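The next block holds one structure in the form of structure tokens; read it before the comments.
The values are calculated or read from the model by the stated rules, or taken from the named source; none is laboratory data. These figures come from a predicted structure and were not determined experimentally. In this analysis, Cβ positions are derived from the backbone assuming ideal geometry, glycine residues included, and neighbour counts consider all displayed protein chains. Just so you know, the surface numbers come from the protein's heavy atoms only, side chains and all, with ligands and any DNA or RNA stripped out. Shrake-Rupley method; radii C 1.70, N 1.55, O 1.52, S 1.80 Å.
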Amino acid sequence: MSWLDTHATTALEAWRDQGLERTPAVFASAQDPVATIDGAERVLFSSSNYLGLSTDQHVVAAARGALERYGAGSGGSRLTTGTTAEHRLVEEAFARFLGYPDAVFFSSGFHANTAVLHTLAGPDLTIFSDERNHASIIDGCRLAKQAGAATKVYRHRDPAHLAELLDQHAAANTGARALVVSDGLFSMDGTLAPLPELTEVCRAYGVALMVDDAHGTGTLGATGRGIVEHFGLQDTPPDILVATASKALGAEGGAVATTRHVADMLRQQARPYVYSTSTSAANCAAVRAAIEVLERTAHSDDGPVRALHRNVARLACALGYTEWPSPIIPIWIGDEAEAMAAAAALREAGFFVPAIRYPTVPRGKAMLRVTVMATHTIGQIEALVEALERR
Ligand SMILES: Cc1ncc(COP(=O)(O)O)c(C=O)c1O
């Protein structure tokens, strides 16, 4: 065996010994409420296609039209041959939808987060990061460190601890740059960042705020504009808002909504923008169509955002939560093996709800992560609740 194979075998054995090996479920259908998963039909309660837009007729038609016009691939990075009219239009759509002067579209939310943190980094920057931020923010902080930036981690959803750290920082580093970064909607347990308090702390200390609203885009706020709309903070939005197209918008990509100056800097210097082939025009067209669906249905009771909010209220209430804010509903179990057994029992009963365990969540905090879609029927929601009660 080459050293590569020896290394891989040893690493995998250690991984298995810790009970960490995972096998992906294989889908032979779209992310609809009833999906074909590993060869069987199951009711899907774990997709991020929260609004059902992945198969929306306008979204699919827009993608098909762009696919026929531009072909499958973009043929280059954004600064070479990979910018089409669709790339420009989707950035305009994000800026308009989110209420920012400009937006830069990356091929994933992961790219967007790492790009912002790395591009802004320098020896005079300190990043203040929530301890449960997404892996893409953690990796962004690691990249920022290579460029000389420091990272300080504040306790999860704890603005008072953040203020303490900012106090210490201000005392020791007059004039140095500081950036606070938080997930908007925490993707594993479905809770929200305390955005009003974070905004207040950032204003008081004169530091910049970046929010990753990956799961909030399309799901939070009366018209799906995300966490800023949810808290009514349109007059004091975060300096940088990352929105993904890969969850509620039903396609792929991550947009950084911000000022024109910051957007221009990212377009020149963000490495995933400059050195990676851009996402396809078909994807951009799908994302723009998804945004247009939300804009068109903003005040309609039949629109997907209101349908999602109704379904969240139904399921959360049946599971004993009052006023649950998001379509990610955790069912805490604790023990890893027990969580795996619960997921297997639900699969037997015809539902697909994954167990989430270490290293995605801390050890001993395993859970079932249920996600709701606008397209679930009341019958499907009631059947899941019954299956959970029987478990
Ligand atoms: C909070 C959060 N941020 C960023 C991302 C990355 O987004 P994408 O899947 O578009 O790369 C995810 C996706 O898993 C996420 O949950």
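Which of the helices (runs of 4 or more DSSP H) found entirely inside region 159-268 contain at least 2 residues meeting this: within 16 Å of the ligand (Cβ to nearest atom)?
Result: 195-205, 227-230.
Which of the residues spanning region 129-158 are within 15 Å of the ligand (Cβ to nearest atom) and open to solvent by less than 20 Å² (accessible area, probe 1.4 Å)?
Those that are within 15 Å of the ligand (Cβ to nearest atom) and open to solvent by less than 20 Å² (accessible area, probe 1.4 Å): S129, D130, N133, S136, I137, G140, C141.
Considering region 224-238 alone, what residues qualify as being touching a residue at least 60 places away in the same chain (Cβ under 8 Å) and open to solvent by 20 Å² or more (accessible area, probe 1.4 Å)?
Hits for region 224-238 are R225, H230, Q234, P237.
State whether one or more residues within region 68-81 are open to solvent by 30 Å² or more (accessible area, probe 1.4 Å), modelled with pLDDT of 95 or more, over 24 Å from the mean Cα position of the chain (by Cα) and acidic (D, E).
yes
Criterion first (in contact (Cβ under 8 Å) with a residue 40 or more places away in the chain, surrounded by fewer than 24 Cβ atoms within 10 Å (Cβ to Cβ) and either within 16 Å of the ligand (Cβ to nearest atom) or closer than 19 Å to D183 by Cα (or both)) does S108 satisfy it?
yes
Given the residues E86, E21, E92, which is the only one that is more than 16 Å from the ligand (Cβ to nearest atom), open to solvent by 60 Å² or more (accessible area, probe 1.4 Å) and at pLDDT 95 or above?
E92
If we scan region 309-321, do we find a residue that is assigned by TED's automatic domain parsing to the domain that holds A28, surrounded by 15 or more Cβ atoms within 10 Å (Cβ to Cβ), more than 16 Å from the ligand (Cβ to nearest atom) and without any contact (Cβ under 8 Å) to a residue 40 or more places away in the chain?
Scanning region 309-321, I find no residue that is assigned by TED's automatic domain parsing to the domain that holds A28, surrounded by 15 or more Cβ atoms within 10 Å (Cβ to Cβ), more than 16 Å from the ligand (Cβ to nearest atom) and without any contact (Cβ under 8 Å) to a residue 40 or more places away in the chain, so the answer is no.
Is there a residue being free of Cβ contacts under 8 Å to residues at least 40 places away in the same chain, in contact with a His (Cβ under 6 Å, 6 or more places away or on another chain) and surrounded by fewer than 22 Cβ atoms within 10 Å (Cβ to Cβ) anywhere in region 189-203?
No: region 189-203 contains no residue that is free of Cβ contacts under 8 Å to residues at least 40 places away in the same chain, in contact with a His (Cβ under 6 Å, 6 or more places away or on another chain) and surrounded by fewer than 22 Cβ atoms within 10 Å (Cβ to Cβ).
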